[in-house]
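Asker: Please find one structure pasted underneath; my questions will follow.
The values are calculated or read from the model by the stated rules, or taken from the named source; none is laboratory data. The structure displayed is predicted, hence computed values, not measured ones. When we count neighbours, we look across all protein chains shown, and the Cβ atoms used for this are built from the backbone with ideal geometry, even at glycine. Please note that ligands, DNA and RNA were not included when accessible areas were found on the heavy atoms of the full protein model with its side chains. Shrake-Rupley method; radii C 1.70, N 1.55, O 1.52, S 1.80 Å.
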Amino acid sequence: MIRLYMSMSLDGFIAGPDDRPGQELGRGGGRLFDWLDDRHGDGPSGQVYREALATGALISGRRTFELAGRWGGDHHDGVPIHVLTHRVDPADPPPGSARYYTDVVACAEEARAAAGDRAVMVHGAGAAQALLRAGQLDELEIHLVPVLLGAGRRLFEGTGLAEFELVRQLPDRDVLHLRYAVRR
(Lines give C-alpha, C1' and ligand atoms only; values in the text may rest on other atoms or scores of the structure.)
Protein backbone atom coordinates (compact mmCIF):
# COMPACT_ATOMS: atom_id res chain seq x y z
CA MET A 1 0.00 0.00 0.00
CA ILE A 2 1.56 3.29 -1.12
CA ARG A 3 -0.21 6.27 0.48
CA LEU A 4 0.39 9.97 -0.01
CA TYR A 5 0.21 12.06 3.18
CA MET A 6 -0.28 15.73 2.30
CA SER A 7 -1.69 18.86 3.91
CA MET A 8 -3.53 21.04 1.40
CA SER A 9 -5.45 24.31 1.27
CA LEU A 10 -9.00 24.48 -0.05
CA ASP A 11 -7.64 25.93 -3.30
CA GLY A 12 -5.29 22.97 -3.81
CA PHE A 13 -1.94 24.36 -2.64
CA ILE A 14 0.51 22.35 -0.54
CA ALA A 15 2.88 25.28 -0.02
CA GLY A 16 2.47 29.01 -0.26
CA PRO A 17 4.26 31.17 -2.82
CA ASP A 18 8.05 31.39 -2.80
CA ASP A 19 8.80 28.06 -1.14
CA ARG A 20 12.56 27.73 -0.84
CA PRO A 21 15.26 26.90 1.69
CA GLY A 22 14.65 29.00 4.77
CA GLN A 23 10.99 29.36 3.81
CA GLU A 24 10.21 25.72 3.05
CA LEU A 25 6.41 26.03 3.20
CA GLY A 26 6.26 29.30 1.29
CA ARG A 27 4.51 32.43 2.49
CA GLY A 28 1.49 31.42 4.57
CA GLY A 29 2.10 27.71 4.03
CA GLY A 30 2.83 27.00 7.67
CA ARG A 31 -0.91 27.35 8.32
CA LEU A 32 -1.38 24.01 6.55
CA PHE A 33 0.34 22.24 9.42
CA ASP A 34 -1.44 23.79 12.42
CA TRP A 35 -3.33 20.48 12.79
CA LEU A 36 -0.05 18.94 13.97
CA ASP A 37 -0.53 20.84 17.24
CA ASP A 38 -3.02 18.04 18.04
CA ARG A 39 -0.80 15.16 16.86
CA HIS A 40 -0.16 13.84 20.36
CA GLY A 41 -3.84 13.85 21.34
CA ASP A 42 -6.44 11.11 21.23
CA GLY A 43 -8.51 12.80 18.49
CA PRO A 44 -8.48 12.29 14.72
CA SER A 45 -5.27 14.28 14.15
CA GLY A 46 -3.47 12.12 16.68
CA GLN A 47 -4.82 8.99 15.01
CA VAL A 48 -3.69 10.10 11.55
CA TYR A 49 -0.28 11.11 12.86
CA ARG A 50 0.24 7.73 14.56
CA GLU A 51 -0.79 5.95 11.36
CA ALA A 52 1.75 7.98 9.39
CA LEU A 53 4.52 7.08 11.82
CA ALA A 54 3.56 3.40 11.60
CA THR A 55 4.55 3.29 7.92
CA GLY A 56 7.48 1.08 7.02
CA ALA A 57 9.15 3.11 4.26
CA LEU A 58 9.05 6.56 2.71
CA ILE A 59 9.03 7.75 -0.89
CA SER A 60 9.87 11.41 -1.36
CA GLY A 61 10.45 13.69 -4.29
CA ARG A 62 13.95 15.14 -4.49
CA ARG A 63 12.76 18.73 -3.99
CA THR A 64 10.84 17.83 -0.83
CA PHE A 65 13.82 15.80 0.42
CA GLU A 66 16.15 18.78 -0.02
CA LEU A 67 13.74 21.36 1.44
CA ALA A 68 13.32 19.11 4.49
CA GLY A 69 17.07 19.12 5.07
CA ARG A 70 17.14 15.49 3.93
CA TRP A 71 15.55 14.72 7.32
CA GLY A 72 19.08 14.20 8.54
CA GLY A 73 18.92 10.77 6.90
CA ASP A 74 16.08 9.58 9.17
CA HIS A 75 12.46 10.54 8.54
CA HIS A 76 11.07 8.35 11.35
CA ASP A 77 12.25 5.25 13.18
CA GLY A 78 15.04 4.57 10.68
CA VAL A 79 12.66 3.53 7.89
CA PRO A 80 14.21 3.44 4.41
CA ILE A 81 13.87 6.70 2.47
CA HIS A 82 13.39 6.29 -1.28
CA VAL A 83 14.03 9.56 -3.12
CA LEU A 84 12.71 10.00 -6.65
CA THR A 85 15.00 12.20 -8.69
CA HIS A 86 15.64 13.00 -12.35
CA ARG A 87 19.35 12.32 -12.02
CA VAL A 88 21.77 10.86 -9.51
CA ASP A 89 25.06 12.59 -8.79
CA PRO A 90 27.57 9.97 -7.56
CA ALA A 91 29.45 12.77 -5.76
CA ASP A 92 26.36 13.46 -3.62
CA PRO A 93 25.64 10.33 -1.56
CA PRO A 94 22.32 10.36 0.30
CA PRO A 95 22.48 10.34 4.10
CA GLY A 96 21.38 7.57 6.46
CA SER A 97 18.84 5.14 5.06
CA ALA A 98 18.11 7.26 1.96
CA ARG A 99 18.60 6.01 -1.61
CA TYR A 100 18.07 7.80 -4.92
CA TYR A 101 15.93 6.39 -7.75
CA THR A 102 15.31 7.59 -11.27
CA ASP A 103 12.88 4.75 -12.08
CA VAL A 104 9.46 5.28 -10.49
CA VAL A 105 8.36 1.64 -10.68
CA ALA A 106 11.63 0.32 -9.23
CA CYS A 107 11.36 2.88 -6.42
CA ALA A 108 7.78 1.81 -5.63
CA GLU A 109 8.64 -1.90 -5.73
CA GLU A 110 11.63 -1.51 -3.43
CA ALA A 111 9.67 0.71 -1.01
CA ARG A 112 6.86 -1.86 -0.84
CA ALA A 113 9.36 -4.64 -0.18
CA ALA A 114 11.10 -2.59 2.51
CA ALA A 115 7.80 -1.73 4.23
CA GLY A 116 6.70 -5.37 4.41
CA ASP A 117 3.15 -5.53 5.72
CA ARG A 118 3.13 -1.81 6.60
CA ALA A 119 2.13 1.07 4.33
CA VAL A 120 4.60 3.22 2.41
CA MET A 121 4.36 6.97 3.11
CA VAL A 122 4.72 9.42 0.22
CA HIS A 123 5.80 13.06 0.57
CA GLY A 124 6.00 15.65 -2.19
CA ALA A 125 3.89 16.74 -5.13
CA GLY A 126 6.42 15.57 -7.71
CA ALA A 127 6.64 12.09 -6.19
CA ALA A 128 2.85 11.84 -5.91
CA GLN A 129 2.37 12.87 -9.53
CA ALA A 130 5.02 10.44 -10.80
CA LEU A 131 3.60 7.55 -8.77
CA LEU A 132 0.05 8.31 -9.89
CA ARG A 133 1.09 8.46 -13.57
CA ALA A 134 2.94 5.13 -13.19
CA GLY A 135 -0.08 3.45 -11.55
CA GLN A 136 1.85 2.97 -8.29
CA LEU A 137 -0.09 5.26 -5.91
CA ASP A 138 -2.82 3.42 -3.96
CA GLU A 139 -4.26 6.05 -1.62
CA LEU A 140 -4.24 9.74 -0.78
CA GLU A 141 -4.46 10.95 2.82
CA ILE A 142 -5.29 14.63 2.37
CA HIS A 143 -5.31 16.91 5.39
CA LEU A 144 -7.67 19.57 4.02
CA VAL A 145 -7.22 22.90 5.80
CA PRO A 146 -9.91 25.61 5.54
CA VAL A 147 -7.67 28.34 4.16
CA LEU A 148 -7.10 29.81 0.71
CA LEU A 149 -3.43 30.44 -0.08
CA GLY A 150 -4.20 31.92 -3.49
CA ALA A 151 -0.86 30.88 -4.98
CA GLY A 152 2.05 28.55 -4.38
CA ARG A 153 2.73 24.91 -5.20
CA ARG A 154 -0.27 22.80 -6.22
CA LEU A 155 -0.50 19.13 -5.41
CA PHE A 156 -1.73 17.95 -8.81
CA GLU A 157 -0.88 20.32 -11.61
CA GLY A 158 -1.38 18.96 -15.12
CA THR A 159 -1.59 15.31 -14.10
CA GLY A 160 -4.50 14.40 -16.31
CA LEU A 161 -7.65 12.53 -15.42
CA ALA A 162 -7.62 10.44 -12.25
CA GLU A 163 -10.53 9.20 -10.16
CA PHE A 164 -10.68 8.47 -6.46
CA GLU A 165 -13.09 6.92 -3.99
CA LEU A 166 -13.55 8.49 -0.56
CA VAL A 167 -12.90 5.74 2.00
CA ARG A 168 -12.60 7.77 5.21
CA GLN A 169 -13.18 11.26 6.55
CA LEU A 170 -12.13 12.41 10.01
CA PRO A 171 -12.97 15.98 10.99
CA ASP A 172 -10.86 17.71 13.63
CA ARG A 173 -10.08 21.23 14.73
CA ASP A 174 -9.29 23.29 11.60
CA VAL A 175 -8.70 20.23 9.39
CA LEU A 176 -10.59 17.48 7.61
CA HIS A 177 -8.54 14.30 7.14
CA LEU A 178 -9.72 12.65 3.92
CA ARG A 179 -8.54 9.29 2.66
CA TYR A 180 -9.15 8.37 -0.96
CA ALA A 181 -8.44 5.11 -2.77
CA VAL A 182 -7.14 5.50 -6.32
CA ARG A 183 -9.60 4.00 -8.79
CA ARG A 184 -7.87 1.84 -11.37
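Asker: Given the residues LEU132, LEU144, which is the only one that is in a helix (DSSP H, G or I), hydrophobic (A, V, I, L, M, F, W, C), out of contact with any helix residue (DSSP H, G or I) (no Cβ under 7 Å at 6 or more places or on another chain) and touching a residue at least 24 places away in the same chain (Cβ under 8 Å)?
Answerer: Testing whether each residue is in a helix (DSSP H, G or I), hydrophobic (A, V, I, L, M, F, W, C), out of contact with any helix residue (DSSP H, G or I) (no Cβ under 7 Å at 6 or more places or on another chain) and touching a residue at least 24 places away in the same chain (Cβ under 8 Å) leaves just LEU132.
Asker: Checking the condition open to solvent by 80 Å² or more (accessible area, probe 1.4 Å), over 28 Å from GLY28 (Cα atoms) and touching a helix residue (DSSP H, G or I) at 6+ places or on another chain (Cβ under 9 Å), which residue from HIS86, HIS82 passes?
Answerer: Unique residue meeting the criteria: HIS86.
Asker: Which members of region 149-184 meet the condition of being open to solvent by less than 50 Å² (accessible area, probe 1.4 Å), closer than 27 Å to ARG63 by Cβ and either in contact (Cβ under 8 Å) with a residue 40 or more places away in the chain or hydrophobic (A, V, I, L, M, F, W, C) (or both)?
Answerer: Once the filter is applied, which keeps residues that are open to solvent by less than 50 Å² (accessible area, probe 1.4 Å), closer than 27 Å to ARG63 by Cβ and either in contact (Cβ under 8 Å) with a residue 40 or more places away in the chain or hydrophobic (A, V, I, L, M, F, W, C) (or both), region 149-184 yields LEU149, ALA151, GLY152, LEU155, ALA162, VAL175, HIS177, LEU178, ARG179, ALA181, VAL182.
Asker: Give the residue, chosen from SER7, SER45, that is within 27 Å of PRO171 (Cβ to Cβ), open to solvent by less than 20 Å² (accessible area, probe 1.4 Å) and in a strand (DSSP E or B).
Answerer: Of SER7, SER45, the one residue that is within 27 Å of PRO171 (Cβ to Cβ), open to solvent by less than 20 Å² (accessible area, probe 1.4 Å) and in a strand (DSSP E or B) is SER7.
Asker: Still on this structure, please answer the following. Could you list, in sequence order, all residues of region 12-24 that are open to solvent by 40 Å² or more (accessible area, probe 1.4 Å) and either farther than 30 Å from ALA114 by Cβ or touching a Phe, Trp or Tyr at 6+ places or on another chain (Cβ under 7 Å) (or both)? If you could, list the steps in order and put the result at the bottom.
Answerer: Going residue by residue through region 12-24, those that are open to solvent by 40 Å² or more (accessible area, probe 1.4 Å) are 18, 20-24.
Scanning region 12-24 gives ASP18, ARG20, GLY22, GLN23.
Asker: Sticking with this one: Test VAL48 against the stated conditions and say whether it is under 23 Å from ARG183 (Cα atoms) and either at pLDDT below 95 or out of contact with any helix residue (DSSP H, G or I) (no Cβ under 7 Å at 6 or more places or on another chain) (or both).
Answerer: Details: under 23 Å from ARG183 (Cα atoms): yes; either at pLDDT below 95 or out of contact with any helix residue (DSSP H, G or I) (no Cβ under 7 Å at 6 or more places or on another chain) (or both): yes.
So VAL48 passes the test.
Asker: Related question: Out of the residues in region 89-116 that are part of a loop (DSSP other than H, G, I, E, B) and closer than 15 Å to GLU66 by Cβ, which is most open to solvent (accessible area, probe 1.4 Å)?
Answerer: PRO93
For every residue, the table says whether it meets (1) among the charged types (D, E, K, R); (2) not in a helix (DSSP H, G or I).
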position: PRO17; (1), (2): no, yes
position: LEU25; (1), (2): no, yes
position: GLY30; (1), (2): no, no
position: TRP35; (1), (2): no, no
position: GLU51; (1), (2): yes, no
position: LEU58; (1), (2): no, yes
position: PHE65; (1), (2): no, no
position: TRP71; (1), (2): no, no
position: HIS82; (1), (2): no, yes
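Asker: Can I ask one more? Considering region 55-90 alone, what residues qualify as being among the small types (Gly, Ala, Ser) and free of Cβ contacts under 8 Å to residues at least 40 places away in the same chain?
Answerer: Of all residues in region 55-90, those among the small types (Gly, Ala, Ser) come to 56-57, 60-61, 68-69, 72-73, 78.
GLY69, GLY72, GLY73, GLY78, listed by residue number.
Asker: Quick one: is LEU32 open to solvent by less than 40 Å² (accessible area, probe 1.4 Å), more than 12 Å from the chain's Cα centre (by Cα) and touching a residue at least 40 places away in the same chain (Cβ under 8 Å)? Give the steps one after another, and end with the answer.
Answerer: Numbers: open to solvent by less than 40 Å² (accessible area, probe 1.4 Å): yes; more than 12 Å from the chain's Cα centre (by Cα): yes; touching a residue at least 40 places away in the same chain (Cβ under 8 Å): yes.
The answer is yes for LEU32.
Asker: Given the structure, is ARG184 touching a Lys or Arg at 6+ places or on another chain (Cβ under 6 Å), more than 14 Å from PHE13 (Cα to Cα) and either among the charged types (D, E, K, R) or in a strand (DSSP E or B) (or both)?
Answerer: no
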